[in-house]
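The values are calculated or read from the model by the stated rules, or taken from the named source; none is laboratory data. Bear in mind the structure is a predicted one, so any value in this text is a computation, not a measurement. All Cβ positions, even for glycine, are placed from backbone atoms using ideal geometry, and neighbour counts span all protein chains on display.
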Amino acid sequence: MSLLTSLIQASTRFQQAMDNRQPPAADQNANQPTKAKLPEASGSPGDDRFTPSGQPEGDVGSLKTRQLPLGQYKQTVAQDLSFVRETLRHKLAEYNLHPATALSVGKGEGGNAVVDGKLPEELREKIENDLNNNRGFREAFSRLSVTEPTLHFMDNALKLNQAYGVNNSLLDSLVSENQQFNGLQDVIHRYDNLRRSAGSGQPESINAQRYAFSLNARA
């Protein structure tokens, strides 16, 4: 935002300097028709709360990120979200639990699913065991633990870009100028590599371990 404000202020000072150099033209223009005055932007030059992004059309980083097929990414992730959600709902019905029972599934040691919720311990252990023996669920949940956080990051970064003109350097570094190499798995792979490099002193896959899928959880 500081760069954008500086540019606006510099432009204003330049215009004022040019106006001061021009001789008064009141007499010369007395007989000429009055030109309609163009509407001026409200607010002071430094007030950028509602200033458009003002990004140059040639901004490569902004252009390549705006071309990301975010809708396609969301459709891919939605398939796994739907599968995981329906599997958990079926488990609630299978064990005669109320359909509004809140469940949370996270990743434990070794990548196993860990179930948490307000339900009897015996049923919790049974559901947890069933999920870990369900290959389709394990694979879908494992994908979600990586794809959903990455998708949330990209979605939020693009929304900020569109609303305020704020470029996210991390997002730009994840995106290739060749759109053929911007598939969801390509972007996830680059994101994971950057995360590992930035958190080399932390346990591996720390983000995946913290991921949890919640069902019937209140906002």
Within the range 196-218, restricting to residues that are touching a helix residue (DSSP H, G or I) at 6+ places or on another chain (Cβ under 8 Å) and at pLDDT 75 or above, the one that is farthest from residue 103 (Cα to Cα) is 211
Looking only at the range 76-95, decide whether some residue is farther than 30 Å from residue 175 by Cβ, of a type in the set (Asp, Glu), buried (at least 16 other Cβ atoms within 10 Å of the Cβ) and in contact (Cβ under 8 Å) with a residue 24 or more places away in the chain. no
*Among the residues of the range 151-168, is any over 16 Å from the mean Cα position of the chain (by Cα), loosely packed, with under 13 Cβ neighbours inside 10 Å and either of a type in the set (D, E, K, R) or at pLDDT 85 or above (or both)?*
no
In the range 99-119, anything assigned to a loop (DSSP other than H, G, I, E, B) and either surrounded by 11 or more Cβ atoms within 10 Å (Cβ to Cβ) or in contact with a Pro (Cβ under 8 Å, 6 or more places away or on another chain) (or both) is listed as 101, 102, 108, 112, 119
When (1) charged (D, E, K, R); (2) over 20 Å from the mean Cα position of the chain (by Cα); (3) exposed (fewer than 15 other Cβ atoms within 10 Å of the Cβ) are applied to residue 126, the one that fails is (3)
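Each row is one residue, and each column tells you yes or no for (1) of a type in the set (Gly, Ala, Ser); (2) in contact with a strand residue (DSSP E or B) (Cβ under 6 Å, 6 or more places away or on another chain).
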{"site": "124", "(1), (2)": "no, yes"}
{"site": "128", "(1), (2)": "no, yes"}
{"site": "132", "(1), (2)": "no, yes"}
{"site": "140", "(1), (2)": "yes, no"}
{"site": "152", "(1), (2)": "no, no"}
{"site": "165", "(1), (2)": "yes, no"}
{"site": "168", "(1), (2)": "no, no"}
{"site": "181", "(1), (2)": "no, no"}
Report yes if some residue within the range 80-87 is among the polar types (S, T, N, Q), within 17 Å of residue 216 (Cβ to Cβ) and at pLDDT 95 or above; otherwise report no. yes
Checked the range 173-194 for anything farther than 11 Å from residue 150 by Cβ, part of a helix (DSSP H, G or I), within 16 Å of the chain's Cα centre (by Cα) and at pLDDT 85 or above; matches are none
